[in-house]
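Encoded as structure tokens, the structure appears first; notes follow it.
The values are calculated or read from the model by the stated rules, or taken from the named source; none is laboratory data. These numbers come from a predicted model, not from an experiment. Here the Cβ is made from the backbone with ideal geometry for all residues, glycine too, and neighbour counts use every protein chain on show. Only protein heavy atoms, including side chains, enter the accessible area calculation; ligands, DNA and RNA are left aside. Shrake-Rupley method; radii C 1.70, N 1.55, O 1.52, S 1.80 Å.
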Amino acid sequence: MQLHGIVISRFHQLPSSIELTLGRRADPQTRPSTDITVRLHPLMPAPSWTSTTAARLARLPTSLPRLQPPRTAPSHHGPKLSSRRRWSSTFSSVNPDEVSHFNALAGEWWDPHGSSRLLHLMNPLRHDFIQSCLRSEPPPATPSVTAPPSLAYLDIGCGGGIFAESAARLPTTRSVTAVDPTPSVLAVAKAHARKDPSLAGRLTYKQTAVEHLEVPQRDQDRYDVVTLFEVIEHIDEPAALLDRLKPFVKPGGWLVMSTIARTWLSWFTTNLVAEDLLRIVPRGTHDWNKYINEHELRRYFAGKGWESPRVMGVVYVPGLGWKEVRGSEHVGNYFFAVRREQ
């Protein structure tokens with residue numbers, strides 16, 4: 001069965017809860033082939049189907065966690081995203097469990113109907129958002145129609161190279177450097193890139209973590225666009241990672257990322273429905289406690305040499321793919337970008 005996504009075939013507002021009938025279908029023109037009825041309390045869902053789902057629902061707190069100041073011990077109150085500089089020479093952005101998880105998915109990375117299907121569908125919006133950031137910059141004093149390719153990209157956590165390859169093919173791109181610590185996934189990325197000779201000299205893959213990258217010492221060696229797509233929600237210490245990125249961005253360049261807001265709705269859609277019920281995302285891909293809200297990112301970057309924050313909320317529409325929806329950054333997936341001050 002070709003799965004197109006989540007289908008809500010019935011929505012009913014009850015006095016103290018919401019009742020949804022969810023299904024999955026083989027074709028957008030057919031009725032759902034499998035139905036599950038879910039009744040949700042606005043703050044805490046009340047399950048009634050399997051013990052696994054019930055246990056997961058029971059772990060959802062009745063109120064959303066707030067990010068806490070840095071502590072000496074790990075906290076369950078969401079990721080630590082503080083403006084204080086907290087990383088040291090021993091910091092590692094690599095979580096062995098995350099590497100193992102994505103190694104297991106390496107073989108399906110370029111299958112548009114496989115476990116990375118939603119990433120393939122999201123890729124055009126990544127480019128749309130970057131272009132909106134670049135268009136917001138003041139035009140050059142003497143624009144040239146025949147200007148040579150000028151943009152240098154650094155794609156951190158590139159995975160199998162879905163974005164990196166597409167960026168390298170753009171006529172405005174001079175070079176793309178793509179890094180990832182996961183060996184099997186990066187091997188897939190390199191093998192796929194070798195199929196296109198036009199990428200030679202424009203796309204470079206490196207198996208490494210960002211903390212081991214050589215920091216450019218001159219502005220001309222820095223990058224116009226540094227990307228973190230679906231990365232920071234997999235990092236144990238996102239502040240330590242973000243602290244290291246500024247030296248890689250040219251003055252006037254952009255740091256662009258995508259992640260997920262930490263709300264009860266995002267837990268319901270990404271963890272419970274997408275992973276546990278409909279299995280359109282491999283189980284264990286997301287940890288809801290690591291999701292980061294848009295206002296937390298704005299607060300983190302404030303006063304640290306960044307400007308012009310931009311955000312775009314996106315929603316997955318079954319049968320149509322990812323679509324921009326204004327305001328949805330407060331409840332689910334979104335893109336976020338900041339520009340380095342000149």
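Determine, yes or no, whether residue 251 is closer than 20 Å to residue 130 by Cα, without any contact (Cβ under 8 Å) to a residue 60 or more places away in the chain and loosely packed, with under 15 Cβ neighbours inside 10 Å. When the stated conditions are applied, residue 251 does not pass them. Just one of the numbered conditions (1) touching a residue at least 60 places away in the same chain (Cβ under 8 Å); (2) out of contact with any strand residue (DSSP E or B) (no Cβ under 9 Å at 6 or more places or on another chain); (3) surrounded by 18 or more Cβ atoms within 10 Å (Cβ to Cβ) is not true of residue 275: (1).
Anything in region 269-290 that is out of contact with any helix residue (DSSP H, G or I) (no Cβ under 7 Å at 6 or more places or on another chain), in a helix (DSSP H, G or I) and farther than 17 Å from residue 313 by Cα? List them, or say none. If the condition is that a residue be out of contact with any helix residue (DSSP H, G or I) (no Cβ under 7 Å at 6 or more places or on another chain), in a helix (DSSP H, G or I) and farther than 17 Å from residue 313 by Cα, then 273, 274, 275, 277, 289 are the ones that fit.
Tell me yes or no: at least one residue of region 234-245 is in contact (Cβ under 8 Å) with a residue 60 or more places away in the chain, open to solvent by 20 Å² or more (accessible area, probe 1.4 Å) and closer than 14 Å to residue 340 by Cβ. The answer is yes; a qualifying residue exists. Suppose the filter is buried (at least 20 other Cβ atoms within 10 Å of the Cβ), under 17 Å from the mean Cα position of the chain (by Cα) and not acidic (Asp, Glu); does residue 203 pass it? No; evaluated as a whole, the condition is false for this residue. Just to be sure, is residue 211 more than 30 Å from residue 313 (Cβ to Cβ), in contact with a Lys or Arg (Cβ under 8 Å, 6 or more places away or on another chain) and touching a residue at least 12 places away in the same chain (Cβ under 8 Å)? Judged against the criteria, residue 211 is a match. Quick check on region 250-265. Is at least one of its residues part of a helix (DSSP H, G or I) and more than 25 Å from residue 138 (Cα to Cα)? Scanning region 250-265, I find at least one residue that is part of a helix (DSSP H, G or I) and more than 25 Å from residue 138 (Cα to Cα), so the answer is yes.
Restricting region 160-181 to residues that are assigned to a strand (DSSP E or B) and either out of contact with any strand residue (DSSP E or B) (no Cβ under 9 Å at 6 or more places or on another chain) or of a type outside the set (Ser, Thr, Tyr) (or both) leaves a set whose member that is most open to solvent (accessible area, probe 1.4 Å) is 174. The C-beta contact set for region 176-188 (first residue modelled with pLDDT of 85 or more, second residue basic (Lys, Arg) and open to solvent by 50 Å² or more (accessible area, probe 1.4 Å), distance under 9 angstrom, 6+ apart or interchain) comprises 176/202; 177/206; 178/206; 179/206; 180/206; 186/206.
Just so you know, in region 238-267 the residues that are under 14 Å from residue 316 (Cα atoms) and among the hydrophobic types (A, V, I, L, M, F, W, C) include one that is modelled with the lowest pLDDT, and it is 265.
When residue 157 is tested against the conditions (1) over 20 Å from residue 251 (Cβ atoms); (2) at pLDDT below 95; (3) open to solvent by 40 Å² or more (accessible area, probe 1.4 Å); (4) not aliphatic (A, V, I, L, M), the lone failure is (3).
When 267, 306 are checked against the criterion of being out of contact with any strand residue (DSSP E or B) (no Cβ under 6 Å at 6 or more places or on another chain), surrounded by 19 or more Cβ atoms within 10 Å (Cβ to Cβ) and aromatic (Phe, Trp, Tyr), 267 stands alone in meeting it. In region 313-320, the count of residues that are within 13 Å of the chain's Cα centre (by Cα), farther than 19 Å from residue 127 by Cβ and open to solvent by less than 20 Å² (accessible area, probe 1.4 Å) is zero. Need the failing condition index for residue 184 against (1) open to solvent by less than 60 Å² (accessible area, probe 1.4 Å); (2) part of a strand (DSSP E or B), just the number. Of everything listed in (1) open to solvent by less than 60 Å² (accessible area, probe 1.4 Å); (2) part of a strand (DSSP E or B), residue 184 misses just condition (2). When residues in region 299-326 are screened for being more than 18 Å from residue 244 (Cα to Cα) and assigned to a strand (DSSP E or B), 14 of them pass.
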